[in-house]
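To keep things clear, I will list the structure first and then write my remarks on it.
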Amino acid sequence: MKAQQTLTHRETAPDLDFDAIVIGAGISGLYQLYRLRDDLGMKVRCFEMGTGVGGTWYWNRYPGARFDSESYSYAYSFSQELLNEWDWSEHFAAQPETEKYLNYVADKFELRRNIQFNSKVTACHYQEKTRSWKVWLGDGSEHACRFLVTCIGPLSTPTFPKIEGRESFQGEAYHTGLWPKHEVTFAGKDVAVIGTGATGVQAITEIAKTANTLTIFQRRPNWCKPLHNKHISKEEMEELRAWYPEMFRLCRESFSCFLHTADPRNTFDLLPETREAFWEKQYQTPGFSMWVGGFKDMMTNRAANDEVSKFVARKIRERVKDPKVAELLIPKDHGFGTRRVPQESGYYEVFNQPNVDLVSILDNPIQRITPTGIELADRSFKFDMIVYATGFDAITGAFDRIDIRGIGGERLKEKWRRALETFLGMLVENFPNMFMIIGPHSALGNIPRSIEYAVDWVTELIKYLCDHDYTYVEPTREAVDDWTNFVIETGKGLLSNEVDSWMTGINQNVESKQKRIIARYSGSAPVFREKANTVAAGGYKKLVLD
Ligand code: NA7
């Protein structure tokens with residue numbers, strides 16, 4: 001046991017600036033700040049890099065950005081008053097509405113007074129003598145606290161492609177995850193988009209509406225499914241409000257906290273026409289129905305997965321007029337649902353427009369970016385604008401860009417490079433008094449549901465520490481081993497863990513991310529909660545408390 005002696009908070013660290021520091025004012029940070037301040041009465045400071053609240057929904061203000069989960073199932077559930085007051089205007093709200101919602105939350109709970117904006121955390125070092133954390137900001141200022149909670153998001157570190165000459169381009173250039181606040185127009189412009197993940201699919205559909213020409217540089221296509229978004233009327237909103245308790249129960253009980261659950265039948269137990277009718281219905285159902293609500297063997301049985309993939313491929317061929325273009329848009333390297341399924345609203349029809357060109361760069365990569373455009377080995381293009389929808393250094397990226405050091409000055413980045421290990425995705429051995437909301441090996445799924453659970457669990461643990469005059473917490477080696485092995489075991493046999501994607505830790509633009517790993521917990525959310533609840537109910541025996 002590393003903690004040698006029992007010391008009270010006051011004795012060990014009389015000069016602390018804060019009881020707790022929360023990094024990030026996105027969905028996790030806002031709720032974590034609220035709970036520590038209002039429920040535990042703590043002195044808390046939240047440091048936020050941006051100039052406003054919202055995290056993902058602050059930075060990703062690109063055209064077409066919107067929820068893929070039902071708005072009401074994505075929102076906070078912790079305050080009945082908030083549920084009573086807020087009306088959603090669409091089943092899948094667009095970014096401006098979500099940003100407005102998170103601002104409303106910040107105002108309603110008077111969270112802004114404890115948030116310091118424009119404050120990028122650059123380093124956090126654990127102080128052994130005082131059992132506290134020192135936190136440095138980009139401006140050089142230093143802040144000390146007992147507890148550190150990272151609310152920095154699994155998809156918050158945008159990555160650009162490593163292409164020669166990128167900086168030399170003289171037109172407009174934007175990354176979707178760093179989209180500017182000023183208006184960006186496409187009318188009359190020749191626009192390039194690089195990247196066809198969930199973000200690219202949304203942005204392309206919107207940009208194609210007004211651009212003079214739109215050229216899409218696609219490395220690997222993804223399987224997309226229609227979103228079927230709709231307006232919510234006043235009456236419908238009242239019905240949804242009455243449904244909230246039941247709806248949140250459904251989310252709690254479902255595998256990934258979505259409103260959709262897998263069909264209990266196996267693909268080949270059904271006649272071909274029966275499964276065809278099922279998929280047809282799912283294709284017409286809003287949201288992630290077809291992905292998380294597929295037949296139960298879809299994600300584990302390759303032959304079953306092939307069948308649903310063939311169905312979606314047929315849909316693509318029906319919707320895209322030019323058969324050659326349709327073939328380019330059909331994934332060949334992975335089956336339906338084994339990477340994040342982008343939800344689209346007219347994406348495939350974009351490729352029937354005369355102003356849109358699809359360029360496959362899978363076997364013909366971009367050679368360089370020039371001051372005026374993009375060059376392939378055999379073609380060059382001129383553009384007014386390049387949009388990078390090239391994704392994120394996911395899951396560990398936001399941690400890597402902060403110099404986080406634990407006991408003995410051990411660097412988190414190096415520790416995780418040797419082996420990605422956590423306890424419940426919330427605690428790290430040798431990094432006492434540090435808590436992560438949606439750290440590696442956490443449950444993701446419908447993320448605000450997972451966030452609310454994690455924040456509540458961390459808050460209860462901090463309360464327990466304070467109630468018992470503990471000033472020190474870290475997970476035991478055994479607990480970390482058990483959780484890490486469980487996460488790895490749970491991921492076995494899943495087709496999604498056998499393909500390259502941000503979910504398997506791959507990002508070709510990040511040097512250290514060329515090898516697949518198990519980066520997230522891919523088991524069921526109820527099982528995750530059961531395990532975490534058992535730890536709490538048992539008096540946190542899997543943790544070193546002192
Ligand atoms: P993704 O899903 O990681 O997609 C990034 C896209 O960018 C993908 O199509 C990549 O192709 C492409 N990409 C990345 N680097 C390059 C280079 N160097 N050259 C060409 N193409 C490149 O990120 P998103 O932002 O769309 O979505 C991330 C998550 O945010 C999403 O899953 C939602 O949960 C929200 P590749 O597939 O690697 O061949």
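The values are calculated or read from the model by the stated rules, or taken from the named source; none is laboratory data. In this text the structure is predicted, and so the values were computed from the model without any measurement. FYI the Cβ positions are ideal-geometry reconstructions off the backbone, even for glycines, and counts take in every protein chain you see.
Can you tell me how many residues in segment 530-543 are surrounded by 19 or more Cβ atoms within 10 Å (Cβ to Cβ) and part of a helix (DSSP H, G or I)?
2
Which numbered condition in (1) surrounded by 20 or more Cβ atoms within 10 Å (Cβ to Cβ); (2) touching a strand residue (DSSP E or B) at 6+ places or on another chain (Cβ under 6 Å) is the only one that E452 fails?
Every condition holds for E452 apart from (2).
Here is a list of conditions, (1) touching a helix residue (DSSP H, G or I) at 6+ places or on another chain (Cβ under 6 Å); (2) assigned to a helix (DSSP H, G or I), and K315 meets all of them except one; can you say which number that is?
(1)
List every residue pair whose Cβ atoms lie under 7 Å apart, where the two residues are 6 or more positions apart in sequence or sit on different chains, the first residue falls within segment 95-120 and is of a type in the set (K, R), and the second residue, located anywhere, is buried (at least 16 other Cβ atoms within 10 Å of the Cβ).
Listed pairs, sorted by first residue: K108/L82; R112/A106; K120/M49; K120/L137.
Any idea which residue in segment 315-341 is nearest to the ligand (Cβ to nearest atom), counting only those that are in contact with a strand residue (DSSP E or B) (Cβ under 8 Å, 6 or more places away or on another chain) and under 25 Å from V292 (Cβ atoms)?
Filtering segment 315-341 down to residues in contact with a strand residue (DSSP E or B) (Cβ under 8 Å, 6 or more places away or on another chain) leaves 325, 328-329, 341.
This time we only want the ones that are under 25 Å from V292 (Cβ atoms), so: 329, 341.
Working: L329: 12, V341: 9 Å.
Ranking the candidates gives V341 first.
Give me the pairs, please: first residue somewhere in segment 18-43 and closer than 21 Å to H125 by Cβ, second residue anywhere and assigned to a strand (DSSP E or B) and polar (S, T, N, Q), beta-carbon distance under 7 Å, and either six or more positions apart or on two chains.
Cβ pairs passing all conditions: I23/T150.
For segment 416-436, check the following and say yes or no: at least one residue is free of Cβ contacts under 8 Å to residues at least 40 places away in the same chain, part of a strand (DSSP E or B), surrounded by fewer than 22 Cβ atoms within 10 Å (Cβ to Cβ) and on the phi < 0 side of the Ramachandran plot.
So far as segment 416-436 goes, no, none of its residues is free of Cβ contacts under 8 Å to residues at least 40 places away in the same chain, part of a strand (DSSP E or B), surrounded by fewer than 22 Cβ atoms within 10 Å (Cβ to Cβ) and on the phi < 0 side of the Ramachandran plot.
Quick one: what pairs do we get from segment 504-515, first residue of a type in the set (V, I, T), second part of a loop (DSSP other than H, G, I, E, B) and within 12 Å of the ligand (Cβ to nearest atom), C-beta under 7 Å, 6+ apart or different chains?
I506/D500; I506/K513; V510/T159; V510/D393
Testing R249 on (1) under 27 Å from the mean Cα position of the chain (by Cα); (2) at pLDDT 95 or above; (3) assigned to a loop (DSSP other than H, G, I, E, B), one condition comes back false. Which one is that?
(3)
Can you name every one of the strands (runs of 3 or more DSSP E) wholly within segment 123-195 that holds 1 or more residues which are under 24 Å from N222 (Cβ atoms), modelled with pLDDT of 95 or more and of a type in the set (S, T, Y)?
Numbers: elements: 132-137, 142-150, 172-175, 190-194.
Per the criteria, 172-175.
Considering only residues that are among the charged types (D, E, K, R) and free of Cβ contacts under 8 Å to residues at least 24 places away in the same chain, look in segment 165-188 and name the one that is farthest from the ligand (Cβ to nearest atom). Quick ask: steps written out before the conclusion?
Just the residues of segment 165-188 that are among the charged types (D, E, K, R), to begin with: 166-167, 172, 181, 183.
Still in the list and also free of Cβ contacts under 8 Å to residues at least 24 places away in the same chain: 167, 183.
Details: E167: 15, E183: 22 Å.
For segment 165-188, the residue satisfying everything is E183.
Among (1) surrounded by fewer than 18 Cβ atoms within 10 Å (Cβ to Cβ); (2) within 19 Å of T396 (Cα to Cα); (3) more than 16 Å from the ligand (Cβ to nearest atom), there is one condition G491 misses while meeting the rest; what is its number?
The number of the failed condition is (1).
Restricting to segment 66-96, and then to whatever is part of a helix (DSSP H, G or I) and surrounded by fewer than 16 Cβ atoms within 10 Å (Cβ to Cβ), can you tell me which residue is nearest to the ligand (Cβ to nearest atom)? Walk me through how you get there before you give the answer.
At the first step, the residues of segment 66-96 found to be part of a helix (DSSP H, G or I) are 71-74, 80-85, 95-96.
After this cut, where a residue has to be surrounded by fewer than 16 Cβ atoms within 10 Å (Cβ to Cβ) as well, the list is 80-81, 84-85, 96.
Numbers: Q80: 29, E81: 30, N84: 29, E85: 28, P96: 17 Å.
Among those that are part of a helix (DSSP H, G or I) and surrounded by fewer than 16 Cβ atoms within 10 Å (Cβ to Cβ), it is P96.
Look through D297, D263, D269, D322 and report the one residue that is farther than 20 Å from F92 by Cβ, surrounded by 15 or more Cβ atoms within 10 Å (Cβ to Cβ), out of contact with any Lys or Arg (no Cβ under 8 Å at 6 or more places or on another chain) and charged (D, E, K, R). Can you show your working first?
Details: D263 fails: out of contact with any Lys or Arg (no Cβ under 8 Å at 6 or more places or on another chain); D269 fails: surrounded by 15 or more Cβ atoms within 10 Å (Cβ to Cβ); D322 fails: surrounded by 15 or more Cβ atoms within 10 Å (Cβ to Cβ).
When all the criteria are applied, what remains is D297.
Under 6 Å between Cβ atoms, at least 6 apart or on separate chains: pull out the pairs that start in segment 217-240 with a residue that is in contact (Cβ under 8 Å) with a residue 60 or more places away in the chain and under 18 Å from A93 (Cβ atoms) and end on any residue that is within 16 Å of the ligand (Cβ to nearest atom) and among the hydrophobic types (A, V, I, L, M, F, W, C).
Going by the 6 Å Cβ cut-off, the qualifying pairs are L227/F92; N229/F92.
Can you name the number of the only condition in (1) touching a residue at least 12 places away in the same chain (Cβ under 8 Å); (2) of a type in the set (S, T, N, Q); (3) out of contact with any helix residue (DSSP H, G or I) (no Cβ under 7 Å at 6 or more places or on another chain) that S289 fails?
(3)
Of the residues in segment 189-227, how many are near the ligand (Cβ under 7 Å from one of its atoms) and touching an Asp or Glu at 6+ places or on another chain (Cβ under 8 Å)?
2
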